[in-house]
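Heads up: the structure comes next, in structure tokens.
The values are calculated or read from the model by the stated rules, or taken from the named source; none is laboratory data. None of the values given here were measured: they were computed from a predicted structure. Note that each Cβ is placed from the backbone with ideal geometry, even for glycine, and that neighbours are counted across all protein chains shown. All accessible areas refer to the heavy atoms of the entire protein, side chains included, with ligands and DNA or RNA removed. Shrake-Rupley method; radii C 1.70, N 1.55, O 1.52, S 1.80 Å.
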Amino acid sequence: MRRLKTTIATSAVAAALILAAGSMPALAQATLNETIGARAQSGSGNDRLLVDAKEIVYDNDRNTIAATGDVQMNYQGRTLQADRVTYDRNTGRVFAEGNARLTDANGTVATGDRFELTDDFKNGFIDSLRVVQTTVEQGRPLTTRFSAPRAERSEGETTTFERGTYTACEPCKDNPERPPLWQVKAAKIIHNNSERTIYYEDATLELLGIPVAYLPYFWTPDPTVKRKTGFLAPRYVYSNTLGYGGSVPFFWAIAPNYDLTISPTILSRQGLLGQVEWRHRLENGTYNIRATGINQLDPEAFLPPPYGAGDRDFRGSLETSGEFFINQNWRWGWDIALVSDKWFLTNYRIRSESLSSYYVKESVSTVYLQGQGDRSFFDARGYYFKTLSTYDWQKQQPIVAPVIDYNKRFTPPTIGGEFAIDVNVTSLSREAAQFDPLSNDSAAYFGIARTCRQNDDGLFNPAECLVRGISGSTSRASVTASWRREFVDPIGQVWTPFAYLRADNFWIAPDFNGYQNPQLENFIDGDDDYLFRATPAIGLEYRYPFVASLGTSGQQILEPIAQIIARPNETRIGSLPNEDAQSLVFDDTSLFDWDKFSGYDRVEGGVRANVGLQYTVTGADDFYANVLFGQSYQVAGRNSFRQGDLANVGLDSGLESRASDYVGRFQISPNANFAFISRGRFDQEDFSLNRFEAGIRANFNPYLPVSTSLIYARYEAQPAIGFPTRREGLLASARWDMTPNWFVTGSVLLDLDRYLVARETFVIPTATPGAISQRENIGYVAGMSLGLGYMDECTTFSVSYSITPRDIALTSGEKEQNHTVAFSLELRSLGEVGYTQRLSGSDDE
């Protein structure tokens with residue numbers, strides 16, 4: 001017995017087996033060579049067959065050639081393996097028996113008790129066939145399995161499984177004969193490789209071996225297909241305003257780089273909702289267009305204006321987004337959404353890429369141009385904000401275009417350090433001025449929008465009213481040139497001198513006509529149409545880190561920090577609109593900022609000193625701890641935070657006194673699984689807590705398969721900027737992996753100041769027993785979710801219950817909520833189905 005390897009230039013298995021047989025009679029060999037030559041001439045002449053076997057036997061009586069013992073044949077990318085392979089010259093058939101295994105060029109593996117194939121392995125019959133195919137889907141490996149008592153292979157492209165079974169689930173390791181989680185059994189399964197489609201005839205879907213669905217005929221793309229024309233998984237919907245509904249989307253793969261999805265939804269109460277999405281990929285980018293529309297059968301199912309769209313027959317939306325690369329540094333794009341009314345997306349549950357966030361109900365459209373170099377950045381864009389909240393007025397929303405930002409950094413050749421240039425240009429306009437009362441006593445209602453109450457003279461009182469945005473147009477161009485350089489002296493002290501020059505140009509054209517716009521004349525001077533502001537500054541930052549080693553495991557650093565900045569007083573406070581600098585937050589993150597305002601419309605002036613002490617420890621196993629405590633002082637000049645602007649920004653910030661509130665941070669992370677961080681602002685007189693935030697993240701693996709997070713925030717009242725009561729909330733979430741496959745999730749959002757807001761906000765207080773405004777110190781469940789899920793290599797299942805917040809009822813202060821149950825089931829490679837049922841609440845806002 002000896003192992004023989006022979007490579008032959010022919011397409012016939014017989015030729016390889018005969019020439020590998022060793023010595024034979026000369027006449028017989030000559031006769032066979034003639035046959036081999038004729039068969040080779042009928043083929044391509046370029047194929048190679050590699051035969052590997054322990055023994056090859058030529059049987060002249062039966063006209064067969066047999067290879068036995070770990071037989072392996074490689075031909076045209078296909079590999080046939082078996083204990084014994086026999087070639088019958090009479091029929092041109094190859095018979096493989098004993099651990100037979102055929103591997104195609106694409107990696108598909110077919111195993112069976114017995115193979116009967118043609119000599120090119122393309123056609124034949126297989127007994128007890130089992131096929132395993134592995135692909136990658138959405139970054140996860142996917143292995144599919146076919147099996148059948150008998151199958152037929154045609155032209156190497158089509159395999160027909162008689163009484164076949166298909167699944168993507170792995171067999172049970174302990175009991176391989178047990179039915180998988182799901183499988184499809186069919187009288188006939190046809191896998192067409194050229195079409196990359198699987199056809200099922202007389203099919204039954206089984207879960208855990210129990211039949212749950214029957215289809216006489218259907219087809220699916222095979223797992224190698226990323227996109228293919230056909231129907232997608234059905235979707236179902238129900239609500240009291242829409243009725244019962246269902247949709248079967250159709251996906252049309254028109255070309256490799258563009259496609260169309262049509263999703264008609266039949267709603268029992270409202271009629272036909274049409275949805276179309278076009279996607280197109282080009283050489284330098286992609287874009288898509290989504291259109292939705294419906295001619296409602298029952299518009300009165302929704303609230304009437306101004307609280308709903310009960311007066312509209314046709315409703316719809318048009319959205320498009322795209323991004324294109326000009327070159328490796330430049331790109332441009334857009335994200336635009338047009339809606340018929342502010343309630344459409346919510347009422348019909350349309351997923352929109354333009355929604356900024358869940359809690360801020362607005363759709364944001366933008367067009368942009370962006371470029372980035374090694375040390376430079378450019379961004380130019382425009383914004384259109386469409387409010388989706390019942391109680392916001394669209395005419396008060398600004399149109400912002402353009403917004404241009406440019407940043408360039410470089411190292412000066414002579415003085416060293418880093419030099420930076422920052423440019424910002426912003427222009428916006430709005431139809432109606434936005435006024436905001438400081439308290440409920442000074443509140444009135446303009447339509448459904450909350451605004452300021454008029455005095456006896458018919459004017460708004462600036463002491464009781466804020467201007468969030470002026471009517472008309474405002475443009476500003478700001479340029480900042482800055483320099484900084486760090487020096488370390490021989491004893492380790494770090495000195496960082498810096499300087500900057502800021503120039504701002506304002507063009508203001510307020511509109512005092514229409515709506516409540518004439519009230520603006522009581523707040524700003526309409527004569528100034530061009531204003532200029534310049535702010536030079538020079539400063540020094542000092543740090544002296546004391547470092548102590550903790551051996552090889554880490555180190556600790558104690559670092560005092562001091563900073564002083566000198567600049568002239570801020571000018572024109574209150575005479576300029578403030579559009580982009582209203583979100584002032586003074587805490588540990590802004591203690592050492594050169595300018596603590598959040599935008600360009602305000603600029604900090606005067607001489608200010610900032611001091612703090614920081615302690616940091618690093619250790620083994622990713623241990624990290626950090627403590628920072630500090631304070632800010634107005635040393636000289638006018639305190640920019642003491643005098644409020646049109647929105648009173650700076651007041652109640654903790655910076656309005658000569659000595660600011662104290663700010664601090666405590667952070668600790670013992671290892672990669674646990675982290676805790678807290679920050680606070682403490683009153684500079686009595687050390688009472690004015691602002692506090694804390695968060696914890698924990699992963700208890702491998703001791704307990706639980707991960708959780710907790711976020712708590714409490715902000716004391718800031719009546720000067722429109723928050724007359726404290727704000728307090730708690731958000732907790734957790735996940736428990738009960739088994740490697742089953743998991744439970746949950747979250748809860750507690751509104752801990754709800755009863756205070758209800759008392760302050762609403763004009764008509766409710767005396768209803770149990771109403772929020774009648775409660776004391778109680779946590780209100782603003783949102784909650786509970787979920788149960790399962791995930792393995794072939795199945796994803798989830799069911800969830802959620803409570804989501806809604807708009808606040810205007811007259812009572814009670815807050816309606818949506819209680820929703822959602823279900824989804826995905827059988828990988830086969831399809832998915834989902835259903836959402838709203839238990840309470842409604843779609844009529």
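This table checks each residue for (1) open to solvent by 50 Å² or more (accessible area, probe 1.4 Å); (2) at pLDDT below 95; (3) not hydrophobic (A, V, I, L, M, F, W, C).
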position: Ala380; (1), (2), (3): no, no, no
position: Tyr383; (1), (2), (3): yes, no, yes
position: Pro413; (1), (2), (3): yes, yes, yes
position: Thr426; (1), (2), (3): no, no, yes
position: Ala443; (1), (2), (3): no, yes, no
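Among the residues of segment 678-694, none qualifies, meaning not one is in contact with a Gly (Cβ under 6 Å, 6 or more places away or on another chain), at pLDDT 95 or above, buried (at least 19 other Cβ atoms within 10 Å of the Cβ) and outside any strand (DSSP E or B). Return the residue satisfying two criteria in turn: it lies in segment 636-667 and is touching a residue at least 40 places away in the same chain (Cβ under 8 Å), part of a loop (DSSP other than H, G, I, E, B) and open to solvent by 40 Å² or more (accessible area, probe 1.4 Å), and of such residues it is farthest from Glu579 (Cα to Cα). Only one residue fits best here, namely Gly637.
When Glu579 is tested against (1) surrounded by fewer than 18 Cβ atoms within 10 Å (Cβ to Cβ); (2) in contact with an Asp or Glu (Cβ under 9 Å, 6 or more places away or on another chain); (3) in contact (Cβ under 8 Å) with a residue 40 or more places away in the chain, exactly one condition is not met: (1). Could you please let me know if Phe674 is surrounded by fewer than 16 Cβ atoms within 10 Å (Cβ to Cβ) and over 24 Å from Ala720 (Cα atoms)? When the stated conditions are applied, Phe674 passes them.
Going by the structure shown, is Gln718 within 29 Å of Gly605 (Cβ to Cβ), in contact (Cβ under 8 Å) with a residue 40 or more places away in the chain and either surrounded by 17 or more Cβ atoms within 10 Å (Cβ to Cβ) or touching a Pro at 6+ places or on another chain (Cβ under 8 Å) (or both)? The answer is yes for Gln718.
Taking the criterion of being in contact with a helix residue (DSSP H, G or I) (Cβ under 9 Å, 6 or more places away or on another chain), open to solvent by 30 Å² or more (accessible area, probe 1.4 Å) and of a type outside the set (Asp, Glu), the residues of segment 428-441 that qualify are Gln434, Ser439, Asn440.
Per the conditions (1) open to solvent by 80 Å² or more (accessible area, probe 1.4 Å); (2) not in a strand (DSSP E or B), the sole criterion not satisfied by Tyr217 is (2). Restricting attention to segment 220-254 and to residues that are β-branched (Val, Ile, Thr) and not in a loop (DSSP other than H, G, I, E, B), the residue that is most open to solvent (accessible area, probe 1.4 Å) turns out to be Ile254. Would you call Arg235 modelled with pLDDT under 85, charged (D, E, K, R) and in contact with an Asp or Glu (Cβ under 9 Å, 6 or more places away or on another chain)? Answer is no for this residue.
Residue under question is Trp330, and the condition is that it be open to solvent by 50 Å² or more (accessible area, probe 1.4 Å) and not small (Gly, Ala, Ser); does it hold? In short, yes.
Among the residues of segment 272-292, those that are within 16 Å of Asp313 (Cα to Cα) and surrounded by fewer than 17 Cβ atoms within 10 Å (Cβ to Cβ) comprise Leu272, Gly274. Every condition in (1) open to solvent by less than 40 Å² (accessible area, probe 1.4 Å); (2) within 22 Å of Arg838 (Cα to Cα); (3) at pLDDT below 90 holds for Ser357 except the one numbered (1).
Selection over segment 445-473 of residues that are among the polar types (S, T, N, Q), open to solvent by 50 Å² or more (accessible area, probe 1.4 Å) and touching a Leu at 6+ places or on another chain (Cβ under 9 Å) gives a count of 0.
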